[in-house]
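Here's the structure, in structure tokens; my notes come after.
Nothing in this text is a laboratory measurement; each read-out follows from the coordinates by a stated rule. Not measured: the values here are computed from a predicted model. Reconstructed Cβ throughout: ideal geometry from the backbone, glycine too, with neighbour counts over all protein chains shown.
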Amino acid sequence: MNALKIYLQPASLRMLALGFSAGLPLLLVLGTLSFWLREAGVSRAAIGHLSWVGLAYGFKWLWAPLVDRITLPLLGRLGRRRSWLLVAQVGVMAGLVGMAMSDPKESLNAIVWCALLVAFSSATQDIALDAFRIESAGTDQQAALAASYQTGYRLAMIWAGAGVLWIAARSEAPSAAAYAQAPWGVAYSVMALSMLVGVLTVLFSKEPAPIHSHVRATNVREWLHIALINPFADFCERYGWQAFLILALIATYRISDVVMGIMANPFYVDMGYTKDEVAAVTKVFGVVMTLLGAFIGGALAPKIGVMRLMMAGAVLSSLTNLLFVWLGSRGHDVNALIAVVSADNLASGIASAAFIAYLSSLTNINYTATQYALFSSLMLLLPKFLAGFSGEFVDAQGYANFFTATALLGLPVLMLVWWAARLQSRPNGLE
């Protein structure tokens, strides 16, 4: 029991609340939004293209040095970390309110610009929050802060997934059979208000003491070297030509899941599943299965090795995509939906645990944060770019061929994992 008391300390409770604030926006501009857009009659091609707003998370390393080193005017009295957090959170709230007031059936452009504001602000919040967490406590407390943060983040994903659909369903007129904007407006307004959890936490928190161990840049050129060139050069120097293999593996490992995921909600809408059904199965039960998969992956990694777990995760991620082909042939079958979503999220959790362990093993302790940020960004760029064309593929080939194609995208990944594992097993291979 004494070990659990650390999670009741103020620092842990703050990270629980800030983790909730960080996890809330993601689904509201990606997964949940695609359900709303499809219900409003927006084409699958447009939904796919709109998913490119998620690239903001993949490019956040570009402005991370700004957030890390520049103190905002006027709000600077709050401190560097708190001022950036507050501005980012207000930006998320403003974007969500704008989305709540817009109707994609009448003006899709308004939704796009507001979603961009939410994504950019959310990515900025992530940058500031990472620094806030690291500077808020000593090394011995970092694991507890990270656990509290992840708990808050997952709770927010349930609220932003199941919560939005549940609120929208409850806000519909009893006799409504066609699409209406008002229920979605209510749901997104509630999400905007939910960001007050983070805002109030920032306002009532103390600015953490800054860590001055990193080198400060005096001009743009030095800045680029510190933030990007030095960490990348270190990685290439350590791994030589094998760095290209590693980067190719990082860039493609989650490609099956990411490309398929954009069309999952439009698929549910087209198959006739209701908001309540999707909320219960995919947003609550699915998140639980993802956490279970992550737990299984974390437990297996020390026993079978990270590379074997990477291979298992890649195989499972591809195979579970094929289950959606079977689901499409079942019509409106909730039990089949539960089975497929369970398998898919379990596989995703295992693959994520393996991938995080792999990325962590690649970083140099002198550049841990920067290299990890670069790796995690690289992971998103190619899959997110391809996912933008997913709607056009479905329109042309149908859902069955689309799900099959996303499964086949995993085949090159299996080859890359096999190759990387062979090199790692050699005496002079990957370290």
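Of all complete DSSP H helices in the chain, those with a Cα span along the helix axis of 27 Å or greater and a mean Kyte-Doolittle hydropathy of 0.0 or more are 10-28, 80-100, 108-135, 306-328, 334-362, 368-387.
Please arrange Met195, Met101, Met307 by how many other C-beta atoms lie within 10 Å of their C-beta, fewest to most.
Working: Met195 27, Met101 13, Met307 22.
By the 10 Å Cβ count, ascending: Met101, Met307, Met195.
Note on segment 8-207: Cα convex hull, mean projected area over all directions, 11.7 nm². Within the straight-line cut-off of under 21 Å between alpha carbons, the lysines reachable from Lys60 are Lys384, sequence neighbours fewer than 8 places apart in one chain being disregarded. Among the listed values (1) 30.4, 96; (2) 21.6, 70; (3) 23.2, 70, the one computed from these coordinates for Rg and Dmax of the Cα atoms in Å is (2).
From helices alone, the chain scores -23000 deg cm²/dmol at 222 nm; the rule is -39500 (n - 2.57) for each run of n ≥ 4 DSSP H residues, then divide by the residue total.
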